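Chemist: Encoded as structure tokens, here's the structure I'll be asking about.
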Amino acid sequence: MTKRTRNVAISGIGQTRHRGHREDINMVELVAEAVEEVLADSKMDLKDIDCIVHGNMELFEGVHQPDMWHVLGDGAYGKAGFRITTGGTTGATIVCSADHLVASGMYDSVLAIGWEKQEEGMTTTGITNMADPLWEREVQTGAITGTHGVMMMNKFGEPANQAAAELRVLMADNARKNYKAHLRIEITRQDVLESRVLAWPLRLLHMCPESNGACAILFVSEELAKKLPQKPVWMHDHVTVHRQETFDLVNMGDLDTHGEAARVLYARNGIVDPIKQIGVFEMYDPQSWWALDWVGKFLMLENGEQIDMVLNGDFAIDGRFPLNPSGGVVSSNPIGATAIIRVAEAALQIRGNAGEHQVPKDVELAMSTGFGGTFWTVLHLLGAEKPDK
Amino acid sequence: MYTTDKLPLDQKDCFGKRGLMSIPYRYFAGVFLSRALIALRDEKKILGARCEKCDRVYFPPRSRCERDFSKITELVEVGPEGTVEELTVVNYEEEYFKKFCPMLDIPYTMALIKLDGASTKILHRIPGDKVKRGDRVRPKWLDDDRREAMITDIEYFEKV
Amino acid sequence: MLRNVAIVSAHQTKFEENKADERFQEMCYPLVRRCLDDTGLDFIPGRGIDFAVTCSDDFFDQRTISDGPMGDLVGTGRWGGEEKVACDGAEAIQYAAAGIASGHYDIVIVLAHGKESQVDSRNIVTFHAFEPFYTRFLGMDYTQALGLQAESYINRWGVTEKQLAKVAVRAAKNGAKNPNAQRTGKIKVDDVIKSKAVVSPIKELDLYPVSDGAVCMILAEEKKARVITDKPVWITGYGNCYDSYYLGDRNLYESMSLKKAAWSAYRIAGITDPMEEFDVAEISVQATYQEPLWYEGLGLVEPGKGMELFESGETDMGGRLPVNPSGGQLCGNPLLLSGIVRGAEAFYQLRGEAKGYQVKDADRALVHGTAGPAGQFHTVLVLENDKAQGGVKS
Amino acid sequence: MGTKTDKEGREIVEIRYEMAIPGTFATGPIMGHMLNKLKDKELWGNRCGKCGNVLFPPKIVCPKCFEEPTEWVKLDEWGYIATFDVVHFPTVNPLTGIMREVPYTTLIVALPNGGGFFHFCLEHDPEKLAPGKRVVPVWKEEREARPSDLEGWVLAED
């Protein structure tokens, strides 16, 4: 167990319906939708919230320091606030931030808000812009890359190809149960394998959509959690692992930030068999090829066992190890919100009121991840029971 | 220049690469603000947003009251005349702005104007540097065929 | 805060108008190295530096995820983690302290960088801080926001441009003793008044110059701080606050958010009379009018009396509460960096290491940073050395 | 600038804005050295004295050892395909504001004496490409110390 000065609980969750088009509202109104819902969910009065943590990626909407404008919609007027961003991990990072700000004793209630209105910018150009302007920026193509696919195919052959497609189908099945998900499509493995090539062997249906959405979570001290009506979900631990700016692309093994994060988290929290001990896993899966590779890394499967697990249906909502009951990132990806949505969905599963995509069992521990930057990972562990400090 | 005893470095290797950060955007005002912006274009009307809870009339309009977070659904006409409350004379030109904004010749005045009936002040421009605090001003509208549902449909404000 | 947190090391670059020969890495790496040498720490999660907080701005860097390239310099190559505060640097200090006080980390490195010279004009960047429907395409930027607030302030209290010029003169005078300051030396009131008009009443010398530079800091929890240094500087108060976004919603001649930020920081630090209880203050003044305006917001003096306080000499070196012995942001710090530079300067003062501009017996310091148009957002920190912690007030 | 009609038939305001912020990226002596060498059709990285890894693009400090590199290293003029992909998804190049022509192929080229990086592959047929195949660089005639001086990589004839 990580050291923790005082316990922090999630006492409210708010999430917009993530959609490809939200031309009916502007950015501020998008954020306000999530805030309104978290206030309703937590029965907390906005004026009683101490601090707002705001996160997104500025260059996706082209607004400098958007937290200043968003005071109009996030309720930060006259309050303390922070703007924390780290790329795709932003949503997960602001959860760490809120956890720190409450656990530190600085604030008793912190509202973390992650959002993105992808349709207002050009996502792939925005991502390409993260590469070094003096070298890679001329070459990189956002996150649209088939390189992982090529590596998986080389290692595991056709079964990997089938599993990546099957995993995508599972995400679609889950997303249809989650009315907040963006892509709630009915697809078959064949549809995936025959969809348009984006970056061979990555196909359109392997890839996440560009979504508009916001997600807000209320983090409170133990004392305050007791006073609030919602069943508290406890923050147990989080681990952030980054890697060098331009990593050794040749030996990707050198790049196993996911495995490293999992190793640290499991060791600190006495997890020896994640598949048994963790009730549900909300993983940041921007594309199914990455998902297939990463779920193995997070679960420390050495020999691609996850491929059989996919084909056996072990990752289904009612399977041995439910993966992304929400439909995951391939079903909704408002980037600045995506990783905090993982935490929100994990918390909903622990609360037991996730709705149609609730897993049919009591969830004691839930894990969620964020992914971004140059292969950065943020890993969160949430629990139904208070962590023993 | 940065130097180190570990690695030979040369001043001639220090230079600057010109580049852009070029990304296209589409900003959606949303249904509520669109109504107010389109009124500028079609009716030459300046609409503010009235919060039923605290009765403030906000300009620029917004669908949330910043103070009490209540939803705002009512647009009310303000102005068109108003009183200059704050101002600053702008003496510099920014080439970049000219590409995207219909700029006035310098020196011009950037002002905060309390429009009649509004609780807050509108930011807009007044030609020249002669305007004073307390002066009454009115909008100078672009011709009907040039207005495009932007705040710049009001070319500038001018003395009454 | 539930654990005591101290700053144990801080280094900054010289601030310059255009560091054309250095990219961010060259600006920052030597600072990190110096902080490591100071503290004998290394990047070993769990045993050395546990975590990194960076502070930078994607627009100014013209780079999505502008903290990406900083990772190599703060240990992420060693599986470390990093988070970016995309706000004023003083905020980064408070945020790093939260990570430590939460118990999650013991030692955190903070690395902040800014290069206003990279983009053709900083106004092009702050143009994008204005929302696109009612403000941006009027050709708005932060400089004009400063102009509106300046006029509002001097009109409200009858302050003259001549009086404001004295602020620039003192800043340059103080800055002349600070080896890292950019715009320094002998400036006369007339030079300021005659300098190029920018936005009335602000002339070129009333406004902080375009500036490049970086700051690196290491923060630690009490036990480890004691091992690392015998002169820890404690963070004993913190507060920050947002005001309204639209300039037209605010009374620009006063600052609700600064008042709130300051008094929450004072309350936590147990300060009731800032003018009396602080020995030195480092505040972020982007344009001369802000010196008296921030005095009032910080509660050093009542509304309207800021200029009076300035002219009384009590905030000069040797006065009752010297403000900006370093010269402050008017001598050159990029937007968003000023807050952490102020923190570093206060750190030197409280350790008696501000060679040439040391305030005698400085034990408790006020640190202020601001962000957003015309001071929409403020951060206030209270820093104290062991002597002040002992309750001794010199 | 202007408006559009949304799905419900309402006219809504949509402001189109082509941001293009001009700036000057300082190379510094380390990145600048590599860029200048491109003019001589040479790829240079630097080597960490501790772990011996070749860093490309060259770095001010070895991210893993946190030691300063101790020597400049000229990379080999051929490499292997580590992996590749064929991009069919057109995007604006943020450095120029110009839409990229598709399809194009990117590869990660692994160089024998260390280092590996993203670049363009001038062969667009995935059937012809495979990890492990040898590739050689193709240089532009006019070179101006920028990444595009190296036009891309083609399969070596052997």
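The values are calculated or read from the model by the stated rules, or taken from the named source; none is laboratory data. The structure presented is a predicted model; accordingly, all values stated were derived computationally and were not measured. In this analysis, Cβ positions are derived from the backbone assuming ideal geometry, glycine residues included, and neighbour counts consider all displayed protein chains. Calculation scope for accessible area: heavy atoms of the full protein, side chains included, ligands and nucleic acids excluded. Shrake-Rupley method; radii C 1.70, N 1.55, O 1.52, S 1.80 Å.
Chemist: For helix C:161-175, what angle does its Cα long axis make with the longest principal axis of chain C, in degrees from 0 to 90 and rounded to 10?
Modeler: With both axes taken from Cα atoms, the answer is about 30 degrees.
Chemist: Treating only the Cα positions of segment D:28-155 as identical point scatterers, give the base-10 log of I(q)/I(0) from the Debye formula at each q in 0.09, 0.17 Å⁻¹.
Modeler: Per q value, in the given order, log10 I(q)/I(0) is -0.28, -0.95.
Chemist: Counting only GluC sites (Glu not before Pro) that sit in a DSSP loop (anything but H, G, I, E, B) with at most 14 other Cβ atoms within 10 Å, what is the longest stretch of chain A containing none of them?
Modeler: A:1-185
Chemist: Mind checking which aspartates and glutamates have their C-alpha under 19 Å from residue D:7, skipping anything on the same chain fewer than 8 residues away?
Modeler: A:23, A:24, A:29, A:119, A:120, A:210
Chemist: Using a 1.4 Å probe over the heavy atoms of the protein chains, calculate the carbon and sulfur portion of the accessible area of the protein assembly as shown as a whole percent.
Modeler: The computed percentage sits at 49.
Chemist: I would also like to ask the following. Does segment B:11-68 come out rounded, prolate or oblate, given a ≥ b ≥ c as the square roots of the eigenvalues of its C-alpha gyration tensor, rounded meaning a/c under 1.5 and, failing that, prolate meaning a/b above b/c?
Modeler: Prolate.
Chemist: Under a 1.4 Å probe, what is the accessible area of segment C:316-394 per residue, stated in Å²?
Modeler: Result: 24 Å² of accessible area for each residue.
Chemist: Need one word for segment B:64-104: rounded, prolate or oblate. Basis is the Cα gyration tensor (sqrt eigenvalues a ≥ b ≥ c); a/c below 1.5 gives rounded, then a/b vs b/c decides.
Modeler: Prolate, since a/c reaches 1.5 and a/b exceeds b/c.
Chemist: Could you tell me which of rounded, prolate or oblate describes the protein assembly as shown, using a ≥ b ≥ c as the square roots of the eigenvalues of the alpha-carbon gyration tensor, with rounded for a/c under 1.5 and, failing that, prolate when a/b is larger than b/c and oblate otherwise?
Modeler: It is rounded, given that a/c, with a ≥ b ≥ c, falls under 1.5.
Chemist: Keeping every protein chain present and rolling a 1.4 Å probe, give me the accessible area per residue for chain B in Å².
Modeler: About 42 Å² of surface per residue is accessible.
Chemist: Summing both sides, how much accessible area is buried between C and D? Use a 1.4 Å probe and give Å² to the nearest 100.
Modeler: Its buried surface, counting both partners, is about 2200 Å².
Chemist: Charges at C-beta only: +1 for Lys and Arg, -1 for Asp and Glu. How large is the resulting dipole of chain B about its Cα centre, in Debye rounded to 20?
Modeler: Result for chain B is approximately 300 debye, rounded to the nearest 20.
Chemist: Okay, next question. What pairs in B:45/B:99; D:41/D:74; B:99/C:19; A:43/A:227 have C-alpha atoms more than 18 Å from each other?
Modeler: Violating the 18 Å Cα-Cα cut-off are B:45/B:99; B:99/C:19.
Chemist: With a 10 Å cut-off between alpha carbons and a GNM built on chain A, which of A:128, A:246, A:338 moves the most?
Modeler: A:246
Chemist: Give the lysines reachable from residue C:84 as a straight Cα distance under 20 Å; neighbours fewer than 8 places away on the same chain don't count.
Modeler: Qualifying lysines at Cα under 20 Å: C:115.
Chemist: Further question on the same structure: About the Cα centre of segment A:73-194, how large is the charge dipole given +1 on each Lys and Arg Cβ and -1 on each Asp and Glu Cβ? Please answer in debye to the nearest 20.
Modeler: Roughly 280 debye, rounded to the nearest 20.
Chemist: Do you know which residues of segment A:11-38 lose at least 20 square angstrom of accessible area in the protein assembly compared with their chain on its own, with a 1.4 angstrom probe?
Modeler: So the qualifying set is A:21, A:23, A:24, A:26, A:29, A:32, A:36.
Chemist: Compare each residue of segment B:113-160 in its chain alone against the assembly with all protein chains, and report those whose accessible area goes down by 30 Å² or more; 1.4 Å probe, heavy atoms.
Modeler: B:121, B:123, B:133, B:148, B:150, B:151
Chemist: How far is the Cα center of segment A:38-88 from the Cα center of segment A:347-364, in Å?
Modeler: Their Cα centres are 27 Å away from one another.
Chemist: Express the Stokes-Einstein translational diffusion coefficient of chain A in µm² s⁻¹, to the nearest whole number, given a Kirkwood radius over alpha-carbon pairs, 10 °C and a viscosity of 1.306 mPa s.
Modeler: D = 77 µm²/s.
Chemist: Using +1 at the C-beta of Lys and Arg and -1 at the C-beta of Asp and Glu, which of D:62, D:116, D:130 has the Cα lying farthest in the positive direction of the dipole of segment D:32-145?
Modeler: Working it through, the farthest residue towards the positive pole turns out to be D:62.
Chemist: Total accessible area buried between chains B and C, 1.4 Å probe, in Å² to the nearest 100?
Modeler: Its buried surface, counting both partners, is about 4000 Å².
Chemist: Report the dimensions of segment B:31-159 along its three principal axes from the alpha-carbon atoms, largest first, rounded to Å.
Modeler: Here the Cα extents, ordered largest to smallest, are 42, 32, 24 Å.
Chemist: Defining a contact as two alpha carbons under 8 Å apart and six or more residues distant in sequence, what relative contact order in percent does chain A show?
Modeler: 27
Chemist: Choose one of C:158, C:175, C:253: the residue whose Cα lies farthest towards the positive end of the charge dipole of segment C:135-294 (beta-carbon charges +1 Lys, Arg; -1 Asp, Glu; about the Cα centre).
Modeler: Ranked along the dipole, the leading option is C:175.
Chemist: I'd like to check one number: the per residue accessible area of segment A:255-328, probe 1.4 Å, reported in Å² as a whole number.
Modeler: 31
Chemist: Translational diffusion coefficient of segment C:184-267 at 25 °C, 0.890 mPa s, Stokes-Einstein with Kirkwood Rh over Cα pairs, in µm²/s as a whole number.
Modeler: For the chosen part, D equals 139 µm²/s.
Chemist: Taking the alpha-carbon centroid of each part, what is the distance from segment B:90-111 to segment A:173-241 in angstrom?
Modeler: 45
Chemist: Can you give the accessible area buried between chains C and A, summed over both chains, with a 1.4 Å probe, in Å² to the nearest 100?
Modeler: Summed over both sides, the interface buries about 5400 Å².
Chemist: Still on this structure, please answer the following. Mind checking the angle between helix B:30-43 and chain B's longest principal axis? C-alpha axes, 0 to 90 degrees, to the nearest 10.
Modeler: In chain B, helix B:30-43 runs at an angle near 70 degrees to the longest axis.
Chemist: I'd like to verify something in chain A: which complete DSSP H helices, judged by Cα projection on the helix axis, reach 20 Å or more and average at least 0.0 on the Kyte-Doolittle scale?
Modeler: A:27-42, A:335-351
Chemist: Putting +1 on Lys and Arg Cβ atoms and -1 on Asp and Glu Cβ atoms, find which of B:40, B:90, B:65 reaches farthest to the positive end of the dipole of segment B:31-159.
Modeler: B:65
Chemist: Okay, moving on. What is the sum of charges, Lys and Arg at +1 and Asp and Glu at -1, for the other residues whose Cβ falls under 13 Å from the Cβ of residue B:23?
Modeler: -1
Chemist: Let me ask something else about it. Rounded to the nearest 5, what is the percent of antiparallel bridges among the DSSP beta bridges in the protein assembly as shown?
Modeler: The antiparallel proportion sits near 85 percent.
Chemist: For segment B:31-159, what is the relative contact order in percent, using Cα pairs closer than 8 Å and at least 6 residues apart in sequence?
Modeler: Here the relative contact order equals 25 percent.
Chemist: A further question on this structure: With everything on Cα atoms, drop me the angle between helix C:142-157 and the longest principal axis of chain C, reported from 0 to 90° to the nearest 10.
Modeler: Around 60 degrees separate the two axes.
Chemist: Would you work out the charge dipole size for the protein assembly as shown about its Cα centre, treating the Cβ of every Lys and Arg as +1 and the Cβ of every Asp and Glu as -1, and quote it to the nearest 20 debye?
Modeler: The calculated dipole for the protein assembly as shown is roughly 1580 debye.
Chemist: Suppose R0 equals 22 Å; then what is the FRET efficiency for residue C:230 and residue C:44 from their Cβ-Cβ distance, rounded to the nearest 0.05?
Modeler: 0.40
Chemist: Give me a single rounded figure for B:54-65: the average over its residues of other chain Cβ atoms within 10 Å of their Cβ.
Modeler: Shielding by partners across B:54-65 averages 4.
Chemist: Once the other residues with Cβ under 14 Å from the Cβ of residue B:54 are scored (Lys, Arg +1; Asp, Glu -1), what is the net sum?
Modeler: So the surrounding residues net to +2.
Chemist: Please give the net charge around residue D:126, taking every other residue with its beta carbon less than 15 angstrom from that of residue D:126, where Lys and Arg add +1 and Asp and Glu add -1.
Modeler: My count for the surroundings of residue D:126 gives 0.
Chemist: Cα atoms only: what Rg and Dmax, in Å, come out for segment A:148-220?
Modeler: Every Cα atom of segment A:148-220 included, Rg and Dmax give 14.8, 48 Å.
Chemist: Return the percentage of antiparallel bridges among DSSP beta bridges fully within chain C, rounded to the nearest 5 %.
Modeler: 75
Chemist: OK, next. Please report how far the C-alpha centroid of segment C:56-101 lies from that of segment A:97-124, rounded to the nearest whole angstrom.
Modeler: Rounded to whole Å, the Cα centres lie 15 Å apart.
Chemist: Report the Rg/Rh value for chain C, based on alpha-carbon coordinates and the Kirkwood definition of Rh.
Modeler: 0.94
Chemist: Another question about this same structure. Nearest 0.05, what FRET efficiency do residue C:155 and residue A:179 give at R0 = 56 Å with Cβ-Cβ as r?
Modeler: According to the calculation, E is roughly 0.55.
Chemist: Moving on to the next point. Run through segment A:164-270 and list the chymotrypsin sites (Phe, Trp or Tyr not before Pro) located in a DSSP loop whose Cβ has at most 16 other Cβ atoms within 10 Å.
Modeler: A:179
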